[in-house]
Amino acid sequence: MNIKAMEKLGAVILSCTEFAELYLKATLAPPDTLTGWSLDDRDPQVIKKLMPCYAWLYNYYFRVKTDGWENIPEDQQVLLIGSHNGGLAAPDMLMMVYDWFRRFGTERLTYALMDARAWQLLPPLARLATQVGAIQAHPRMAMAALNRGASLLIYPGGFRDLFRPYTLRNSIYFAGNRAFIKLALRYQLPIIPFISYGAHSTLLVLTDIYPQLQQLERWGLVNLDKFDLEVFPIYLGLPWGIGIGPLPNIPLPRQLHTRVGSPIVFDRSGQQAALDQQYVNQCYDLVCELMQQQLDQLVQEEETPKREH
C-alpha cells in the first residue's frame, strides 16, 4: 500500500471514529436536550468534526458531481428549497449540506427544518443533526431562524418525497406543502432550488401502500397513530433486501449529481402577498414548474449518451 492510499485509509478511520464519538454523545444526551427547539444547539465545532466523514462519502462512496453554486449570493439571506430522495438516509441532502459547509464555511448561519417525527424515529441521529443545524419543522422555529438573519434549508415534500416510488424519481413532489412560499414572500427572500440526480437509485421504492393501510385503519385492523409518517413504502435496498415500511436504510453507492438551480424571485412580496392565498398558490405552481424544468435538464444531461469524439 503506497503512502497516498495509507493517508486515505487513515482519514477514513479518523472520520469514522469522530462520527462514532459524536453519535455516542448524542445517544447519551439527556432526552430533554438537543430537541430542535433551540437555535443555540447548532455547534460549528461538531460540524467541523463531521466534515472528514462527509468528505469521504462525497469523494469515494457517492463520487458526487455538482454545479450551480455560483447561483447562491455570498452575503444574502436565502431560502434553500430541495427535492430529496433515497429514504431516511437522504444522501443527496447530506451531500448538498457538505457542499454548503465546504464552500461557505461553518460560521455562515444556516438552519434546516426537520420533521418532528425524526426525533421519535431516530433519536441519536436527530440529536446529532440538531448540532449541525436541524430545527423543528414548525413555523415558530422557521421564523426565529429567519429573524436571526440565517438562511433556511427546507425540503417541503418531507417523508412522502423521500419515499416516492422509483417511477416518480424525476418528478418534483412537494405534497402540496405551501408553507415555504409564505416564508419566502413574508421575508422577501429568493428561493434557491436544490435538485439532484441518482439518489433515487440508492433505494428502489417499488410502491407506497399507505392508502391501503388507511383503509385497514378505518376497518379497525391497524393503528397508524404512533409513527404515522404518511407513507408506507415497499423497497429494495440495504440492509433489509426487501424493506417494508419507512425503515432506516443504508444507501447504495450510486454516483450523485447535485445542482443548485437558478434563483426564483416573485413579482410581489411582503406580508400582504403572503396572506393572498390565490397568489401563494400561483407562486407554488411557479416554483414547482421552474424546478421541474431544471430537474428535467439535469436528467437529460445525465441520460443522453455522450457523443464520441
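The values are calculated or read from the model by the stated rules, or taken from the named source; none is laboratory data. All of these numbers come straight from a predicted model, not from anything done at the bench. Cβ coordinates were reconstructed from backbone atoms using ideal geometry, including for glycine residues, and neighbour counts include every protein chain displayed.
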Kindly indicate the residue of segment 264-287 that is surrounded by fewer than 17 Cβ atoms within 10 Å (Cβ to Cβ) and in contact (Cβ under 8 Å) with a residue 12 or more places away in the chain and also nearest to residue 71 (Cα to Cα) among those meeting that condition.
265
Do we have any residue at all in segment 200-218 that's out of contact with any Ser or Thr (no Cβ under 8 Å at 6 or more places or on another chain), of a type in the set (S, T, N, Q), without any contact (Cβ under 8 Å) to a residue 24 or more places away in the chain and over 23 Å from residue 243 (Cα atoms)?
no
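Is it true that residue 54 is part of a helix (DSSP H, G or I) and at pLDDT 90 or above? Give the steps one after another, and end with the answer.
Working: part of a helix (DSSP H, G or I): yes; at pLDDT 90 or above: yes.
When the stated conditions are applied, residue 54 passes them.
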Going through 170, 85, 177 one at a time, which residue ends up being closer than 24 Å to residue 239 by Cβ, polar (S, T, N, Q) and within 17 Å of the chain's Cα centre (by Cα)?
85
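With the requirement that a residue be under 17 Å from residue 44 (Cα atoms) and either among the β-branched types (Val, Ile, Thr) or modelled with pLDDT of 95 or more (or both), what does segment 105-123 give you?
Matches in segment 105-123: 106, 110, 111, 112.
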Pick from segment 208-243 the residues that are part of a loop (DSSP other than H, G, I, E, B) and touching a Lys or Arg at 6+ places or on another chain (Cβ under 9 Å): which of them is farthest from residue 167 (Cα to Cα)?
227
Sole residue being part of a helix (DSSP H, G or I), within 23 Å of residue 63 (Cβ to Cβ) and at pLDDT 95 or above, chosen from 299, 205, 280
299
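May I ask you to verify whether residue 109 is farther than 26 Å from residue 237 by Cα and out of contact with any Asp or Glu (no Cβ under 8 Å at 6 or more places or on another chain)?
yes
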